[in-house]
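Data first, discussion second: the structure below is written as structure tokens.
Derivation of every value follows stated rules applied to the coordinates shown; laboratory data play no part. These numbers were taken from a predicted model, which means no experiment stands behind them. Cβ: placed from backbone, ideal geometry, glycine included. Neighbour counts: every protein chain shown.
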Amino acid sequence: MEEGHNSDGKENALCGRSLTAASRDGGGRMSAVPLAQRKVEGGKVYSGDGVLGYLEMLEAQAHELGLKQEEKEQQEKKLDRLKARVQELRARRDELQAKVELQEKRLLDKEALVTDPARPSAQTVLEWKVKSIKGMLQVFYLTGISGKLTKQGVCFCISTAYEGTYLDSYYVDLLINPEVKIQRHSVPVFIPLEQIAKKYLQSDIRRFMSVLSDHLNAYVGRRHQADQLEEHFSDRIEGTLQRNSLCNLLVFNYTVSSDSKTFPFNVRLLYGNLCCSLPTEAILSCTPGTLPLLAKMAAAHSNTFRQMALHKAFDSIINAKESQD
């Protein structure tokens with residue numbers, strides 16, 4: 001009888017081990033958790049015995065969110081540093097511009113003493129232009145515009161960027177004798193170069209290059225935002241993003257879910273200021289006869305699109321919706 005009892009006990013022990021997964025905790029103790037009660041979440045295994053398993057899952061999610069928040073804060077700090085650097089460079093540029101203008105005035109006053117100001121010689125005018133251009137090159141060096149003197153004038157290079165990301169470079173080759181004119185350039189045809197030249201080129205080369213640079217930087221900024229939206233949110237956009245060559249008109253569709261229903265939104269972004277990379281108008285439309293809540297949501301989205309870069313605005317809208325859900 002005693003041997004039979006021992007045999008039954010061994011069989012029960014073997015069966016118990018086959019139905020449990022043994023693991024050791026930090027103190028070396030053995031714990032048995034039924035394999036059927038374990039849960040896999042995001043490639044990680046959590047114990048499924050009630051509150052403990054749920055807390056483990058929440059802890060992992062909180063850790064992941066913490067890492068994302070830390071990365072976002074680092075990016076915001078970097079952007080703040082870049083903005084501060086831009087302000088510093090602009091202040092330096094303005095200071096140098098003031099110095100150049102003062103030097104130009106002194107040069108003109110000096111020439112007025114030795115020659116008839118109403119009829120300056122061609123050589124005097126040419127020398128004045130060369131000195132003015134040299135002063136401009138020193139100022140433009142801090143604003144993304146560089147250049148070098150040529151036999152017949154000067155060749156400028158405009159380097160464009162958006163939020164610290166270098167994008168494209170464009171060239172303008174100017175003749176300065178007998179009058180200033182554009183010899184050749186690589187500016188896109190949809191940039192209003194002729195209008196800008198007609199307004200500023202003969203009277204103020206520095207102003208001409210500054211306005212042209214504003215147009216080019218705004219254009220590549222709008223194009224970069226559209227590219228980022230397509231690259232990172234193609235799964236959120238219905239169909240394709242439509243844009244014209246100048247990227248001052250963007251149209252796309254996306255959907256919003258509410259009360260287990262999906263509502264399509266159409267977005268039309270208009271950039272009335274061609275020297276700006278943010279839209280002047282953000283027109284959103286949704287299905288006629290939809291809930292008042294959606295009309296309010298559309299107004300909020302429109303405001304976001306007008307205040308932030310396109311891809312950042314869309315990311316903000318999507319994250320806000322997901323957090324509400």
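Points worth noting:
- Label sites at LYS78 and ARG306, each approximated as a point 7 angstrom past Cα along Cα to Cβ, lie 3.1 nm apart.
- Restricting the trypsin sites (Lys or Arg not before Pro) of segment 147-247 to loop positions (DSSP other than H, G, I, E, B) with no more than 11 neighbouring Cβ atoms within 10 Å leaves LYS151.
- Residues whose placed amide H lies under 5 Å from that of LEU167, excluding near-sequence neighbours: THR160, ALA161, TYR162
- Exceeding the 25 Å Cα-Cα cut-off - candidates LYS99/LYS148; LYS78/LYS312; LYS77/LYS296; LYS148/LYS198; LYS83/LYS199; LYS72/LYS261: LYS77/LYS296; LYS83/LYS199; LYS72/LYS261
- Long-range HN-HN contacts of VAL256 with modeled amide H, under 5 Å: PHE263, PHE265
- Selection from THR150, HIS185, HIS215 lying farthest towards where the dipole of segment 139-220 points positive, charges on Cβ: THR150
- Computed over neighbours whose Cβ is under 14 Å from that of HIS232, the net charge equals -3, Lys and Arg +1, Asp and Glu -1.
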